[in-house]
Amino acid sequence: MTQELAQRLNQYVQDLFAREDEILRYVRQQTEAHGLPVINLQRNEARLLHLLVKMCGARRGVEVGTLAGYSAIWIARALPASGRLITIEYSRKHADLARTHIERAGLADKVTVLHGAGLDVLPKLAADSPYDFMFIDADKVSYPGYLEWAAANLRVGGLVVADNAFWGGGIFQPDTADGRGVAQFNQMLADHPQFESTIIEVGDGMALGVKSD
Ligand SMILES: C[S@@+](CC[C@H](N)C(=O)[O-])C[C@H]1O[C@@H](n2cnc3c(N)ncnc32)[C@H](O)[C@@H]1O
């Protein structure tokens, strides 16, 4: 398949299945307007994540890497009314903006934004485990540590999903700490005795594991 055809098909799927409403468009606009990097999930990735959360019947989940709340809104909308998402963000500026967006989306009762580094905050959440899913989209060097937390704190049948599993091809040239982190994460996930897993070729690659033991 040519790159041109691949892009056309990606656009086709996006236009058919991953439509944004006013609030999601607003969050993307505000992300840029506030000078944050526009590195939220692509629409097709966000739609896939939304469906995965629904398909595993999730009620309670954890996200690492909130940015301005774009993916958190897609996730929260897949949860039942009683569902809860805890999302962890290292930057106070990002966390504050995400809270305003989540409030505006009418999801403040469902979503809690915690400020801090993922590997510092996650141990405090273990007391309330097991969780139904974990979405990883933060610092790449910590991906292996996030996977260890998922293995210990997801229920059997729970999902771990991680964005940037291709790291723009950096997994083939792991001469940076980020590339090494993602490559190590992918290897750990593939070999992990507690997960059945793959990488879906959408966006920058979404790694997916179902906890089986
Ligand atoms: C790719 S963005 C997240 C995008 C978001 N999931 C979305 O799709 O809307 C990564 C975010 O992770 C945050 N981050 C970086 N290191 C972190 C850490 N150690 N713990 C938690 N968040 C971190 C960054 O500040 C940034 O906001």
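The values are calculated or read from the model by the stated rules, or taken from the named source; none is laboratory data. Just so you know, these numbers come straight off a predicted model, no measurement behind them. Neighbour counts are summed over all protein chains in view; Cβ atoms, including those assigned to glycine, are modelled from backbone coordinates with ideal geometry.
Out of the residues in the range 23-72 that are on the phi > 0 side of the Ramachandran plot and within 13 Å of the ligand (Cβ to nearest atom), which is farthest from the chain's Cα centre (by Cα)?
Selected residue: Gly35.
Determine which member of the set Phe135, Phe185, Phe172, Phe195 is among the aromatic types (Phe, Trp, Tyr) and at pLDDT below 95.
Phe172
Is at least one residue of the range 9-19 among the acidic types (Asp, Glu) and either farther than 20 Å from Glu201 by Cα or within 10 Å of the ligand (Cβ to nearest atom) (or both)?
no
Do we have any residue at all in the range 101-122 that's more than 9 Å from the ligand (Cβ to nearest atom), farther than 22 Å from Met55 by Cα, touching a His at 6+ places or on another chain (Cβ under 7 Å) and modelled with pLDDT of 95 or more?
No: zero hits.
Considering only residues that are under 23 Å from Arg60 (Cβ atoms) and in a loop (DSSP other than H, G, I, E, B), which ones fall in the range 137-172?
Across the range 137-172, the qualifying residues are Asp137, Ala138, Asp163.
Results for (1) of a type in the set (Asp, Glu); (2) farther than 18 Å from Ala105 by Cα; (3) modelled with pLDDT of 95 or more, shown as yes or no for each residue.
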site	(1), (2), (3)
Val13	no, yes, yes
Glu20	yes, no, yes
Ile23	no, no, yes
Val27	no, no, yes
Gln30	no, no, yes
Gly35	no, yes, yes
Arg47	no, no, yes
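Do we find a residue being surrounded by 24 or more Cβ atoms within 10 Å (Cβ to Cβ) and aromatic (Phe, Trp, Tyr) anywhere in the range 71-90?
Within the range 71-90, one or more residues are surrounded by 24 or more Cβ atoms within 10 Å (Cβ to Cβ) and aromatic (Phe, Trp, Tyr).
Looking at Ala95, Ala58, which is the one that is in contact (Cβ under 8 Å) with a residue 24 or more places away in the chain and part of a helix (DSSP H, G or I)?
Within the list Ala95, Ala58, the selection yields Ala95.
Restricting the range 32-46 to residues that are surrounded by 20 or more Cβ atoms within 10 Å (Cβ to Cβ) and either aliphatic (A, V, I, L, M) or touching a Phe, Trp or Tyr at 6+ places or on another chain (Cβ under 7 Å) (or both), which is farthest from Trp167 (Cα to Cα)?
Ala46
Could you say which residue among Leu67, Leu36, Leu49 is more than 19 Å from Leu114 (Cβ to Cβ), in contact (Cβ under 8 Å) with a residue 24 or more places away in the chain and not in a strand (DSSP E or B)?
Leu49
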